[in-house]
Amino acid sequence: MGATLSSADKKTRQDLILRLISERPLGTQQDVVTALADEGVEVAQATVSRDLAELGVIKVGNRYLALPHEPGSAGIEVLPSFILSLTQAQNQVVIHTRDGTAGAVSSVLDRVRGLKILGTIAGQDTVLAITSDNAAAEEVTTLITDVCRARTRPAGNIE
């Protein structure tokens, strides 16, 4: 357990939420409240709901993912229109995209916090995503598939 930060300011709390989402498979607002408490930050579920919405965190399947806001950069919402298919190959995921969009897909995947990708390599219409092991590749494949099937929703909604 970390030092008590019960009066953590909003930026500190939101930075901590992003870190926790990238380190743990959190899937409910209560999970986030509990994870924050484990770090010494006491906060109400309503505050977590607002923080998740402000941070642009989305729920994919049963897990939260966060894409840092970068003006002018493609966001996770482009994946369904750019990705044509994906295939897991052991600890790698091969992603076929529309011609000329692999770079944008690669950039989005590299920036998503909580996605277990070590790195990506993009060509013209193919992205190779490398993960640490087969289980991580399976999780990445499932999460990207869920995003492309629009099984996502803003995390700030009441659950």
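The values are calculated or read from the model by the stated rules, or taken from the named source; none is laboratory data. Here the structure is a predicted model, which is why all the values come from computation and not from measurement. Quick reminder, even Gly has a Cβ in these numbers, built from the backbone with ideal geometry, and neighbours come from all protein chains shown.
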(message) One residue is enough: does the stretch 131-143 have a residue meeting the conditions in a helix (DSSP H, G or I) and touching a residue at least 60 places away in the same chain (Cβ under 8 Å)?
(response) yes
(message) Taking the criterion of being buried (at least 21 other Cβ atoms within 10 Å of the Cβ) and out of contact with any strand residue (DSSP E or B) (no Cβ under 9 Å at 6 or more places or on another chain), would at least one residue in the stretch 88-108 satisfy it?
(response) yes
(request) Might you let me know whether the stretch 51-70 holds any residue that is modelled with pLDDT of 90 or more, more than 26 Å from residue 138 (Cα to Cα) and of a type in the set (A, V, I, L, M, F, W, C)? (result) no
(message) Testing residue 74 on (1) at pLDDT below 90; (2) part of a helix (DSSP H, G or I); (3) in contact with a helix residue (DSSP H, G or I) (Cβ under 6 Å, 6 or more places away or on another chain), one condition comes back false. Which one is that?
(response) (2)
(message) Among (1) under 21 Å from residue 16 (Cβ atoms); (2) assigned by TED's automatic domain parsing to the domain that holds residue 144, there is one condition residue 119 misses while meeting the rest; what is its number?
(response) (1)
